[in-house]
Amino acid sequence: MKRILHALVSAFRELFRRWGALLILLVLYLAMLGAIYLFFVTREATIGQLILSLLLALAAPVLFLIIQTMTARYNDGNPRARALLGDSLRDFWKLLVVSLPLILIAVLAIYLFRKVETVAPATAVRDAARALPAPPRPAAPKPQTASWQSVAVTTVEYLLFCLVLPLAAIHLWIGTAREGLKQTFKRSPRIIARAFAPQSVLTYAIGFVVFAVVPYFLVVTKTPASSAWLDAGLLVVRLLLAAVFSLVGWVVTMGALERLRDASGAASAAQPSEGTSHVPAEA
């Protein structure tokens, strides 16, 4: 826990020390959110709107990958934010390539979960229709109980999309941004195994509270207000705070995982030398 908290605090200080990189990340993040919003509100009625929708659909993932590349490299000691942005614009496509297996797993999982969700209700309805009793006397309604199958499927779904795939992607992105695409593919089994080490999972869980749970409650919680203008102003403030928390929490979490990864690699590299230092030299 001390190492995890130290890594989180160090990543937080480094991010705010590089205020130029933080400002660029914030602009890119707001641009990505704007592209996603415009994509959903743009009507596809004319050729121009179709082209705009296509450009927005391409811009959002590109901006996302540029943000991830900058996030994985802001700890490298590069003092210039412009150089960091330039390197990220040049190499963001590598993160897409290394993410393709995870994207395929996500698509396959969505298909399988949809199949389970469509089959399970139909089976339940058929079973309930067969076992329909005679109309009983009016009685107090009994609480509905969820079946263990639906609970298990929902649990696996949340673990896969909120923990397993994001954590594996983070470590693959860090490896690609730091060591290159070829080296990451070679070491991908070791990288993914290290991603689910207890220290890594706990760091991600702490960061998840900041970049996911806190923004969620900021968005859905309604602040009581005496006027419509005050209510609208408070909504804007909550949305801005949610955006800041999600961006800063995500960047700090990736930075902490990167620092723990470097510390673990340095410790494993130093172990053989420490073990042979106690062996007496031959005469």
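Quick note: the coordinates plus some simple rules give every number you see, no bench work behind them. Computed from a predicted structure; not experimentally measured. All Cβ positions, glycine included, derive from the backbone under ideal geometry; neighbour counts span all protein chains shown.
Sorting the segments 24-37, 239-252, 167-180 by their mean number of nearby beta carbons within 10 angstrom, highest to lowest, gives 167-180, 239-252, 24-37. Taking Cβ atoms as reference points and 10 Å as the exclusive limit, the residues near Arg73 contribute a net charge of -3, counting Lys and Arg as +1 and Asp and Glu as -1. The residues packed around Ala168, meaning those with a beta-carbon under 14 Å from its beta-carbon, carry a net charge of +4 if Lys and Arg are +1 and Asp and Glu are -1.
A straight chain from Leu108 to Thr155 at 0.36 nm per residue would run longer than the Cα-Cα distance by 15.2 nm.
The modelled label-to-label distance between Trp148 and Leu241, using points 7 Å beyond Cα along the C-beta direction, is 4.3 nm. Between Tyr37 and Arg82, the contour length at 0.36 nm per residue exceeds the Cα-Cα span by 13.5 nm. Pairs of C-alpha atoms in segment 197-255 farther apart than 17 Å represent 46 percent of all such pairs.
Protection proxy ranking of 193-200, 38-45, by the mean of other Cβ atoms within 10 Å over each peptide's residues and highest first, is 193-200, 38-45.
Shown in residue order for segment 54-69 are the 3J(HN,Hα) couplings computed by the Karplus curve 6.51 cos²θ - 1.76 cosθ + 1.60 at θ = phi - 60°: 5, 5, 5, 5, 7, 5, 4, x, 5, 4, 4, 5, 5, 4, 5, 5 Hz (x for Gly and Pro). Taking 17 Å as the cut-off, the amide N atoms of segment 47-81 that come nearer than this to a point 7 Å along the Cα-to-beta-carbon line of Asp262 belong to 69-81.
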